Amino acid sequence: MWSTLLITACLYAPPLETVEDLPNLLGEEFDLIQALDNLDDDRRLQEKLLAENQTKRVEVIARRDRAAARYSEAKKKLQRERNRIRRRIQVYVDLKKVRQWQLLASAGDYATYLRMRRALGQLVQGDESRIRAYHDIVKAYHTAKTGHEEELAELDRVENRISDARTKLERDKAIKTALLESVRADKKFWQKADRDLDRASLRLQKRIDNFKQWKDKRLWFRDLKGQYLNPVPGGEIKQGYGKTTHPKFQTNTFHRGLRIVPGRKRIRTVRVIYWGRVVYAGWLRGYGNTIIVDHTKGDYTLYAHLADVNVKVGDVLKSRQEIGVMGRSGALDGEMGLYFELRLSGKPVNPISWFR
């Protein structure tokens, strides 16, 4: 048991920071397919972060502009109040130079003098309220300034996150391109990929073996052998089932399904070949976006390397129902296509004789 857990724990991919890290994947303790999945996972994460931060940038720019407008208005208002206060102060300085007898003399009579004193007192009280209002204006100015600075700092952080996401996307793209090219051009990488795909197939087999058998009274899948249609209307079979020899490396591999590409009409829609229930819809290591359909009594069809999955686990499908769109997900050759498997009693068989 512990040896199995140890082996399973070792089948992972080291972090790939640069193209120069690729040779590390050739060790048997590493899984090349998992490395590709990790790159795709990180790509999806960075694309999500990029989209989120681009949306956030629009929001922050709008907030920054509003904060800038408030800051500008607060600064103008503060400057107006400062000028007004300066003028009032100058008036008090000038009044300070006037002696009481001079004020009395200018009044002409004592009653007028008292009214002038009372008016000056009211003026002083009014200016005290203006001083308090001025302090409020100063406070509002500092609040607006701080808000503006915070929005500028937030925008800077968002821009940095956008730049970081773009940098990582470019890095992941470069590493994945180099890895796929290595698999195509380097025999060691190709052989390693083939071994890792065998492991992925074993994991798939265990998953299928663990599916709870679905029983139904409808027509048995096997009774319609030879009458099924290509899951891609007008699609062409680029690679068949069985033993194949690599044209460049002359190494033998066993292909457990069909590789189907668009035909002359360039249709990419994928259809289930017979009614059934979806038992898996999601990402599978080595297969990319995958749909597995149970046709009862242990018979399954598998549709992999999809760009889009349009069904979910538990859906009961009608014959020829659209289930997804072919793509490149998880494909080692990086080419557009559908990988299709037919499994009877859970074991892969050659699908060719099952089609018209």
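Residues being under 19 Å from PHE355 (Cα atoms) and either among the small types (Gly, Ala, Ser) or not assigned by TED's automatic domain parsing to the domain that holds GLY234 (or both) are represented in the range 298-319 by at least one member. One residue stands out among those in the range 188-199 that are of a type outside the set (Phe, Trp, Tyr) and touching a Ser or Thr at 6+ places or on another chain (Cβ under 7 Å): the one that is surrounded by the most Cβ atoms within 10 Å (Cβ to Cβ), which is ASP194.
Candidates are the residues of the range 299-344 that are polar (S, T, N, Q) and out of contact with any Lys or Arg (no Cβ under 8 Å at 6 or more places or on another chain); the one that is nearest to ALA185 (Cα to Cα) is SER329.
Scanning the range 303-333 for residues that are surrounded by 14 or more Cβ atoms within 10 Å (Cβ to Cβ) and not in a strand (DSSP E or B) yields a count of 11. I want to confirm something. Restricting to the range 286-296 and keeping residues that are in contact with a Leu (Cβ under 9 Å, 6 or more places away or on another chain) and in a loop (DSSP other than H, G, I, E, B), which single residue is farthest from MET336 (Cα to Cα)? By that ranking, first place goes to GLY286. A single entry from GLY257, GLY263, GLY276 fulfils the requirement of being surrounded by 19 or more Cβ atoms within 10 Å (Cβ to Cβ), over 15 Å from ASN350 (Cα atoms) and in contact with an Asp or Glu (Cβ under 9 Å, 6 or more places away or on another chain): GLY276.
Within the range 290-303, the set of residues being at pLDDT 95 or above and farther than 14 Å from ILE273 by Cα comprises THR290 only.
Looking only at the range 200-247, count how many residues are exposed (fewer than 12 other Cβ atoms within 10 Å of the Cβ), under 30 Å from ASP333 (Cβ atoms) and free of Cβ contacts under 8 Å to residues at least 24 places away in the same chain. Summing the residues that are exposed (fewer than 12 other Cβ atoms within 10 Å of the Cβ), under 30 Å from ASP333 (Cβ atoms) and free of Cβ contacts under 8 Å to residues at least 24 places away in the same chain in the range 200-247 gives 6. A single entry from LEU104, LEU114, LEU45 fulfils the requirement of being modelled with pLDDT of 70 or more and aliphatic (A, V, I, L, M): LEU45.
The values are calculated or read from the model by the stated rules, or taken from the named source; none is laboratory data. The structure displayed is predicted, hence computed values, not measured ones. Neighbour counts run over all protein chains shown; Cβ positions are idealised from the backbone, glycine included.
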